[in-house]
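Let me begin by handing over the structure; questions about it come next.
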Amino acid sequence: MQIIKTIAEIRTLVKEWKKEGLSVGLVPTMGFLHEGHQSLITRAVAENDRVIVSDFVNPTQFGPNEDLESYPRDLEQDAKLCQAAGASVIFHPQPSEMYAQNHCSFVDMDGLTKELCGKTRPIHFRGVCTVVTKLFHIAQPDRAYFGQKDAQQLAVIKQMVQDLNFDIEIIGCPIVREADGLAKSSRNTYLNEAERKAALVLSQAVFLGERMAKNGETSADVILSAMQELIAKEPLAKIDYVKAVDARSIEIVHEMKGSVLVAMAVYIGKTRLIDNFIFEEA
């Protein structure tokens, strides 16, 4: 498995693969990989002849006072996980490789980014859309893989691919959790022992809401109230948002009809964590 740091090298390699008629899968990540990322890579390897894992902490999706500098990084460990999962290449560029000094072009979106993380992190999705567009142009994948934990991001990427006519299949993969329920996240490493225990309130709230919906509760507001009440009992937790939206349009809904995304962002101490579930009406 290679680690490639320049756009020119990746493009040359992909051109060679395409000449051979090989399919290409892309798994975009910000590195510090865990079992959630591994599940994406494993699926990509199963469905494509070659797989590129991008390992890049993208500066344009971090706002002021967010954790760009402290975001965990470990390329050596990432490489071991990628190799074990069967990836062909890690693309690990420097920010200066992805964004030239005079860079001033961005990809933005209205609508789907007005709620949830887009409301509390106003520049986040412009950065996400821009870097993913760049990765799509660089890697020319047939398929790209994203986790459902970042459900709004997945919806945004699917819409962007449709709107901008990318010839790429976007594949969402299920949330991977720790044995005690906590959703796998690179940011979990920020948590001390007490915070790690407190963070379980996110998955507990998700499981509560999911049970209520499956048991026939049709009011999204009732479900959200129960989830918020549970989270509020944890002293180390501070709610950013707990909301129900249409899973495709990310518009606020009040009834559990159709496909509903129930998503949350909660601060545990200083660490912002996200979790969600999607309810599909039978």
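The values are calculated or read from the model by the stated rules, or taken from the named source; none is laboratory data. Every value quoted in this text rests on a predicted model; they were computed, and no experiment measured them. Cβ sites come from the backbone with ideal geometry, for glycine too, and all protein chains shown count toward neighbours. Just so you know, the surface numbers come from the protein's heavy atoms only, side chains and all, with ligands and any DNA or RNA stripped out. Shrake-Rupley method; radii C 1.70, N 1.55, O 1.52, S 1.80 Å.
Using just the C-alpha positions of the stretch 5-86 as equal point scatterers, what log10 of I(q)/I(0) does the Debye formula give at each q in 0.12 1/Å?
Debye output, listed in q order: -0.41.
If the viscosity is 1.567 mPa s and the temperature 4 °C, what translational diffusion coefficient in µm²/s does Stokes-Einstein give for the stretch 207-282 when Rh comes from Kirkwood over Cα pairs?
Translational D for this selection: 103 µm²/s.
Which of the peptides 195-207, 269-281, 170-182 is most tightly packed, and how do the rest follow, judged by the mean count of other Cβ atoms within 10 Å per residue?
195-207, 269-281, 170-182
Any number yet on Rg/Rh for the chain, C-alpha, Kirkwood?
With Rh from the inverse mean 1/r over Cα pairs, Rg/Rh is 0.97.
Can I ask one more? Highest mean first, what order results for 260-266, 74-80, 245-251 on Cβ atoms within 10 Å?
Result, highest mean Cβ count within 10 Å first: 260-266, 245-251, 74-80.
Rounded to the nearest 20 debye, what is the charge dipole size of the stretch 185-262 about its Cα centre when +1 sits on each Lys and Arg Cβ and -1 on each Asp and Glu Cβ? Numbers along the way, then the final one.
Numbers: 10 positive and 11 negative charges, 44 e Å.
With only Lys, Arg, Asp and Glu charged at Cβ, the dipole is about 200 debye.
If you don't mind, another one. Just order 231-243, 146-158 by mean Cβ neighbour count inside 10 Å, highest at the front, would you?
Sorting 231-243, 146-158 by mean packing, highest first, produces 146-158, 231-243.
Something else now. How high is the FRET efficiency between ALA179 and GLU255 when r is their beta carbon distance and R₀ equals 30 Å, given to the nearest 0.05?
Efficiency for this residue pair is about 0.30.
In whole angstrom, how far apart do the alpha carbon centroids of the stretch 214-282 and the stretch 123-143 sit?
28 Å
Using all Cα-Cα distances in the stretch 133-200, what percent lands in each 10 angstrom bin from 0 up to the longest?
Each 10 Å bin holds this share of Cα pairs: 18, 39, 23, 17, 3.
Amide H of LEU33 versus every other amide H placed in the peptide plane: which residues, excluding those fewer than 5 positions away on the same chain, fall under 5 Å?
ASP78
Work out, in µm²/s and without decimals, the Stokes-Einstein translational diffusion coefficient of the stretch 97-151 at 25 °C, 0.890 mPa s, Rh from Kirkwood over C-alpha pairs.
Reported coefficient: 192 µm²/s.
Starting from the 7 Å offset along Cα-to-Cβ, what nm value, one decimal, do you get for the label separation of LEU208 and ASP110?
So the two model labels end up 3.8 nm from each other.
Another question, then. Could you estimate the translational diffusion coefficient of the stretch 129-282 from the Stokes-Einstein equation, with Rh from the Kirkwood formula over C-alpha pairs, at 20 °C and 1.002 mPa s, in whole µm²/s?
Answer from the Stokes-Einstein relation: 130 µm²/s.
Per residue, what accessible area does the chain have, given a 1.4 Å probe and all protein chains present, in Å²?
Heavy-atom accessible area per residue stands at 48 Å².
While we're looking at this one, here's another question. Starting at the first residue of the stretch 71-83, write each ³J(HN,Hα) from the Karplus equation 6.51 cos²θ - 1.76 cosθ + 1.60 with θ = phi - 60°, in whole Hz, x for Gly and Pro.
4, x, 9, 7, 4, 4, 5, 4, 5, 5, 5, 4, 5
Would you work out which of TRP17, HIS103, ALA183 lies farthest towards the positive end of the dipole of the chain? Charges go on Cβ: Lys and Arg +1, Asp and Glu -1.
Projecting each Cα onto the dipole axis, the largest value belongs to HIS103.
Return the FRET efficiency for the residue pair SER96, ARG73: r is the Cβ-Cβ distance, R0 is 25 Å, and the value is rounded to the nearest 0.05.
Computed FRET efficiency for SER96 and ARG73 comes out at 0.95.
A further question on this structure: Return the distance in nm (one decimal) between the two label points of a simple spin-label model at GLU20 and ASN192, each offset 7 Å from Cα along Cα→Cβ.
That separation, rounded to one decimal, is 5.1 nm.
For the stretch 72-145, run through the chymotrypsin sites (Phe, Trp or Tyr not before Pro) and keep only the ones in DSSP coil with at most 15 other Cβ atoms within 10 Å of their Cβ.
When the chymotrypsin sites (Phe, Trp or Tyr not before Pro) of the stretch 72-145 are filtered for loop state and at most 15 Cβ neighbours within 10 Å, PHE106 remain.
Just need the Rg to Rh number for the stretch 1-155, please, alpha carbons only, Kirkwood Rh.
0.95
Right, here's the next one. Of LYS134/LYS214; LYS134/LYS197; LYS15/LYS80; LYS214/LYS270; LYS19/LYS158; LYS80/LYS243, which pairs sit farther than 31 Å apart, going by alpha carbon to alpha carbon?
Values: LYS134/LYS214 40 Å; LYS134/LYS197 38 Å; LYS15/LYS80 26 Å; LYS214/LYS270 33 Å; LYS19/LYS158 27 Å; LYS80/LYS243 37 Å.
Too far apart for the 31 Å limit: LYS134/LYS214; LYS134/LYS197; LYS214/LYS270; LYS80/LYS243.
Quick one: net charge of TYR267's neighbours, Cβ under 9 Å, K/R +1, D/E -1?
Around TYR267, the charge tally is +2.
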